[in-house]
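S.K.: Structure provided below as structure tokens; questions to follow.
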Amino acid sequence: MSKFSDFNFSNHKALIRVDFNVPLDKQTFAVTDDTRMKAALPTIQKILNDGGGVILMSHLGRPKEGPEEKYSLKHILSHLKELLGGKEIKFADDCIGESAIQLAASLQAGEVLLLENLRFYKQEEKGDEAFAEKLSKLGDVYVNDAFGTAHRAHASTAIIAKFFPADKKMFGLLMEGEVSSAEKVMHNSEKPFVAIIGGAKVSDKILIIENLLERATDIIIGGGMSYTFMKAKGGHIGKSLCEDERIQTALEILDKADAKAVNIHLPSDSLIADNFSNDANTSAAPSNAITDGWMGLDIGPMACEQFTNVIKQSKTILWNGPMGVFEMSKFQHGTKAIAVAVAEATQNGAFSLVGGGDSVAAVNQFGFADKVSYVSTGGGAMLEYFEGKELPGIAALK
Ligand code: AMP
């Protein structure tokens, strides 16, 4: 594998797997959130600046049986043109086949070609070799910049790599950033290392917690999932979220943590509500003594302080999942307090990575994205990485 920044793309046609799976307006098909498109711009720009040609391939949505108008990547053309400073973008209305071959063959240095949705072919998700080989013929260098799909062994994200020699395949800048920050946390973490795990369900986070027990010094457990742990420890949790079938798992995790001398921090108190609503009556209560009929929807003031102290003493921080129902203004204080603590620790020299779904949404919503070391763009991929799984998109290149 080559290193992207060392590679001179002059006179090369780079086939880049990007993640342009962006949300579109249902009526106008306008791009409503271009975060993923913006994330790929540095990679595209470097290739164009070097004097290379750029061929972009991506999926969009989940088409079922072949082409579907609403999932056509032609809808993003004008937005991409805008992001690239008004540059004309060529479009192949089929990702393989004659039009793609012709347009790719005639592509000049400094030009950009976008291929139609890869998932209009079932072969993409099946990781079909013949399909991957056809795609590979369109360019002479393969760049994978789609971290969001790195956990899938699809034709364009993994299988295609085998059709390029070692020096003609590489991660793009976005992928490089994602992989190096994830590796830093997983394999080269400076201690103390705190993992902050929140969100709704224990069942979604078991594998990640088990893997982190091997690496972290401290694990903070907040959000809805903390109440299963509270109940497992004999606490009274009212009608807080609880997965009774996971109580045994919670106990096993607590035992393992004990054996490995990993500190598990559960919220000492909660902001409880008499209703799952922003208009609910609220009060603070110990998380293990919640009144019948009430539920914990955020961590409480003491827990904010408790967690902040742990975070401030840490040198490596991984954050996945909110501390409460942060979508409602009444229950976002805890998640905000964590964002503040992570930002402060980062300013004092800690390395912080926010990865996976809702905690990313939270740091963006609260305006903290530029105050942490790295915000991952790949929800599912980042989760699987921290569960200790090998990601096919990474393995195919390494
Ligand atoms: P996840 O996707 O597992 O990270 O979970 C995120 C979701 O968990 C968000 O939609 C939150 O509203 C929800 N959540 C966090 N804390 C709680 C809680 N105490 N009770 C119910 N839902 C929660």
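The values are calculated or read from the model by the stated rules, or taken from the named source; none is laboratory data. All figures in this text were calculated on a predicted structure; none of them were measured in a lab. Counting neighbours? That spans all protein chains shown, and the Cβs are built from the backbone with ideal geometry, glycine included. For the accessible areas, the whole protein counts, side chains as well, though only heavy atoms, and no ligand, DNA or RNA atoms are used. Shrake-Rupley method; radii C 1.70, N 1.55, O 1.52, S 1.80 Å.
S.K.: Which residue is nearest to the chain's Cα centre (by Cα), if the candidates are limited to region 355-367 and must be surrounded by 24 or more Cβ atoms within 10 Å (Cβ to Cβ) and near the ligand (Cβ under 8 Å from one of its atoms)?
M.R.: GLY356
S.K.: Could you please let me know if SER203 is closer than 16 Å to GLY356 by Cα, without any contact (Cβ under 8 Å) to a residue 60 or more places away in the chain, touching a helix residue (DSSP H, G or I) at 6+ places or on another chain (Cβ under 7 Å) and of a type in the set (S, T, N, Q)?
M.R.: Values: closer than 16 Å to GLY356 by Cα: yes; without any contact (Cβ under 8 Å) to a residue 60 or more places away in the chain: yes; touching a helix residue (DSSP H, G or I) at 6+ places or on another chain (Cβ under 7 Å): yes; of a type in the set (S, T, N, Q): yes.
Considered against the rule, which asks whether it is closer than 16 Å to GLY356 by Cα, without any contact (Cβ under 8 Å) to a residue 60 or more places away in the chain, touching a helix residue (DSSP H, G or I) at 6+ places or on another chain (Cβ under 7 Å) and of a type in the set (S, T, N, Q), SER203 comes out as yes.
S.K.: List the pairs whose first member sits in region 106-119 and is assigned by TED's automatic domain parsing to the domain that holds SER10, whose second member is acidic (Asp, Glu) and surrounded by 19 or more Cβ atoms within 10 Å (Cβ to Cβ), and whose Cβ atoms are under 8 Å apart, counting only residues at least 6 apart or on separate chains?
M.R.: Qualifying pairs under 8 Å: LEU118/GLU124.
S.K.: Here are the criteria: (1) outside the structural domain of THR377 (by TED's automatic domain parsing); (2) crowded, with 17+ Cβ neighbours inside 10 Å; (3) not charged (D, E, K, R). Tell me which single one ILE208 does not satisfy.
M.R.: Going through the list (1) outside the structural domain of THR377 (by TED's automatic domain parsing); (2) crowded, with 17+ Cβ neighbours inside 10 Å; (3) not charged (D, E, K, R), ILE208 breaks only (1).
S.K.: Does at least one position in region 327-342 carry a residue that is within 15 Å of the ligand (Cβ to nearest atom), modelled with pLDDT of 95 or more, crowded, with 20+ Cβ neighbours inside 10 Å and of a type in the set (Lys, Arg)?
M.R.: There is at least one residue in region 327-342 that is within 15 Å of the ligand (Cβ to nearest atom), modelled with pLDDT of 95 or more, crowded, with 20+ Cβ neighbours inside 10 Å and of a type in the set (Lys, Arg).
S.K.: Hey, another quick one. Among LEU174, LEU138, which is the only one that is within 20 Å of the chain's Cα centre (by Cα) and either away from the ligand (no atom under 16 Å from the Cβ) or in a strand (DSSP E or B) (or both)? Reasoning before the result, please.
M.R.: Details: LEU138 fails: within 20 Å of the chain's Cα centre (by Cα).
After ruling out the rest, the residue left standing is LEU174.
S.K.: Checking MET295 against (1) within 9 Å of the ligand (Cβ to nearest atom); (2) under 24 Å from the mean Cα position of the chain (by Cα), which single condition isn't satisfied?
M.R.: Unmet condition: (2).
S.K.: Tell me whether region 303-320 contains one or more residues that are closer than 29 Å to GLY378 by Cα, within 12 Å of the ligand (Cβ to nearest atom) and within 22 Å of the chain's Cα centre (by Cα).
M.R.: Checking region 303-320: at least one residue is closer than 29 Å to GLY378 by Cα, within 12 Å of the ligand (Cβ to nearest atom) and within 22 Å of the chain's Cα centre (by Cα).
S.K.: If you check SER373, SER352, which single one turns out to be of a type in the set (Ser, Thr, Tyr), within 24 Å of GLY172 (Cα to Cα), crowded, with 24+ Cβ neighbours inside 10 Å and away from the ligand (no atom under 15 Å from the Cβ)?
M.R.: Values: SER373 fails: crowded, with 24+ Cβ neighbours inside 10 Å.
Result of the check over SER373, SER352: SER352.
S.K.: Another question, then. Mind listing whichever residues of region 211-246 are touching a residue at least 40 places away in the same chain (Cβ under 8 Å), open to solvent by 60 Å² or more (accessible area, probe 1.4 Å) and within 15 Å of the ligand (Cβ to nearest atom)?
M.R.: Answer for region 211-246, where residues must be touching a residue at least 40 places away in the same chain (Cβ under 8 Å), open to solvent by 60 Å² or more (accessible area, probe 1.4 Å) and within 15 Å of the ligand (Cβ to nearest atom): LYS239, LEU241, ARG246.
S.K.: Now, a different point. Out of SER268, SER283, I need the residue that is out of contact with any Lys or Arg (no Cβ under 9 Å at 6 or more places or on another chain), under 30 Å from THR346 (Cβ atoms), in the same structural domain as ALA345 (by TED's automatic domain parsing) and open to solvent by less than 70 Å² (accessible area, probe 1.4 Å). Which one? Full working, then the answer.
M.R.: Numbers: SER283 fails: under 30 Å from THR346 (Cβ atoms).
Exactly one of SER268, SER283 is out of contact with any Lys or Arg (no Cβ under 9 Å at 6 or more places or on another chain), under 30 Å from THR346 (Cβ atoms), in the same structural domain as ALA345 (by TED's automatic domain parsing) and open to solvent by less than 70 Å² (accessible area, probe 1.4 Å), namely SER268.
S.K.: Would you mind stating whether ARG152 is crowded, with 20+ Cβ neighbours inside 10 Å, basic (Lys, Arg), touching a residue at least 24 places away in the same chain (Cβ under 8 Å) and not in a loop (DSSP other than H, G, I, E, B)?
M.R.: No; evaluated as a whole, the condition is false for this residue.
S.K.: Now a separate question. Of everything in region 38-68 that's among the hydrophobic types (A, V, I, L, M, F, W, C), part of a helix (DSSP H, G or I) and modelled with pLDDT of 95 or more, which residue is farthest from the chain's Cα centre (by Cα)? Spell out how you get there, then give the answer.
M.R.: Step one: filter region 38-68 for residues among the hydrophobic types (A, V, I, L, M, F, W, C), giving 39-41, 44, 47-48, 54-57, 60.
Filter once more, keeping what is part of a helix (DSSP H, G or I): 39-41, 44, 47-48.
Next, from what is left, pick out any that are modelled with pLDDT of 95 or more: 40-41, 44, 47-48.
Numbers: ALA40: 14, LEU41: 18, ILE44: 21, ILE47: 25, LEU48: 27 Å.
My answer is LEU48.
S.K.: Next question, about the same structure. Given the conditions (1) surrounded by fewer than 20 Cβ atoms within 10 Å (Cβ to Cβ); (2) among the aromatic types (Phe, Trp, Tyr); (3) within 22 Å of PHE120 (Cβ to Cβ), and given that PHE20 satisfies all but one, which numbered condition is not satisfied?
M.R.: Evaluating PHE20 over (1) surrounded by fewer than 20 Cβ atoms within 10 Å (Cβ to Cβ); (2) among the aromatic types (Phe, Trp, Tyr); (3) within 22 Å of PHE120 (Cβ to Cβ) leaves (1) as the failure.
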